Amino acid sequence: MPARSRGFTLIELLVVLVIVSIISAAAVLSLGALGGSSPAKHTAEQLAALTDLAAQQAVMQGRQYGLRVSPHAYEFLLYDGNDWSLVQDDNLLRARQLGNGVSLSLQLEGTAVILPENNNKNGAGSSSNDGSGKQAIKPQIMLLSSGEITPFQITVSASVSSVQYRVQGDLLHGIRFLPPHAPTGR
């Protein structure tokens, strides 16, 4: 009997391909977990998504929303016809404190804004005394029910690197996340 040259069967090849695929997927997932997005990038993406959500809710619900920013926090406000107050009963639009490794800066209509430190217990930004002894809070960025928004750019920086991410908003382009070195589009 002549000796048969034996090769691999189709089943054997498929089993090897499945094993290689599983190992590759595990490697990609573990590398993603180790080298995941930076806190600054995550903060910028989250801020852009939440601000866009608030702008959409303003239009759909016929409400006026606002955003207050400080160097290490941001919060959404709601206008009741008389006063601005923190958004209540909405876990997505709750006030957020950022870690010490991430900081925010703000430009309104192309002009840099000096952000107040986060000294008050209520949250982020600008407030003024309305004469009654009560602190009146006001947003820096308005997200109106008409679809109008205050033109803004928030820069999110990481203290450990010089990488900066931006969140921009204007009537023409809407609200968007911009990675480092992306053109401003204005």
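The values are calculated or read from the model by the stated rules, or taken from the named source; none is laboratory data. Just so we're clear, the structure is a prediction, and the values are computed from it rather than from any experiment. Because the Cβ atoms are built from the backbone with ideal geometry, glycine has one as well, and the counts that use them run over all protein chains shown.
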What's the total number of residues in the stretch 91-120 that are under 16 Å from V156 (Cα atoms), exposed (fewer than 11 other Cβ atoms within 10 Å of the Cβ) and at pLDDT 90 or above? 1
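Take the conditions modelled with pLDDT under 95 and surrounded by 19 or more Cβ atoms within 10 Å (Cβ to Cβ) and apply them to L77. Does it pass? Give the steps one after another, and end with the answer.
Values: modelled with pLDDT under 95: no; surrounded by 19 or more Cβ atoms within 10 Å (Cβ to Cβ): yes.
No.
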Condition first: assigned to a strand (DSSP E or B), touching a helix residue (DSSP H, G or I) at 6+ places or on another chain (Cβ under 7 Å) and not polar (S, T, N, Q). Now tell me which residues in the stretch 144-165 satisfy that. I149, I154, V156, A158, Y165
For the stretch 121-138, does any single residue satisfy the condition of being under 21 Å from L53 (Cα atoms), modelled with pLDDT of 90 or more and part of a loop (DSSP other than H, G, I, E, B)? yes
